[in-house]
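The values are calculated or read from the model by the stated rules, or taken from the named source; none is laboratory data. Only a predicted model underlies this, so the values are computations on that prediction, with no experimental measurement involved. Cβ placement follows ideal geometry from the backbone for every residue including glycine, while neighbour counts extend to all protein chains displayed.
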């Protein structure tokens, strides 16, 4: 739940499930977990911000996800801007 009492899973499912063709919140959550927990590959880039937030992006599948500093999944989607979105996240949040 977020500060307004809304389910963040429901909100993210509504906003991003279509990126992957998921039809249930469980499918979306499992997809996010699979992406964020699988071993790194040559196409996956990642970094951890100075605040402890983990960012991950796959340059081939265009999957992007974040795990917050408490270990919870913050988001999972395919950015419209692709690699440019990832590069912007690096610029904004990667440790200098």
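Listed values, structure above:
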item: Residues of the range 49-61 that turn out to be surrounded by 15 or more Cβ atoms within 10 Å (Cβ to Cβ), without any contact (Cβ under 8 Å) to a residue 40 or more places away in the chain and farther than 12 Å from residue 82 by Cα, as a count; result: 3
item: Matching residues in the range 62-96 - criterion: being closer than 13 Å to residue 49 by Cα, surrounded by 12 or more Cβ atoms within 10 Å (Cβ to Cβ) and out of contact with any strand residue (DSSP E or B) (no Cβ under 8 Å at 6 or more places or on another chain); result: 69
item: Strands (runs of 3 or more DSSP E) wholly inside the range 51-96 containing at least 3 residues that are under 20 Å from residue 10 (Cβ atoms); result: 63-67, 73-77
item: Selection status of residue 21, in contact with a helix residue (DSSP H, G or I) (Cβ under 9 Å, 6 or more places away or on another chain), assigned to a loop (DSSP other than H, G, I, E, B) and modelled with pLDDT of 95 or more; result: yes
item: In the range 9-44, the residues that are surrounded by 15 or more Cβ atoms within 10 Å (Cβ to Cβ) and either closer than 15 Å to residue 86 by Cβ or touching a strand residue (DSSP E or B) at 6+ places or on another chain (Cβ under 8 Å) (or both); result: 12, 16, 19, 28, 29, 31, 32, 35, 36, 44
item: Every residue from the range 44-69 that is within 17 Å of residue 29 (Cα to Cα) and at pLDDT below 95; result: 68
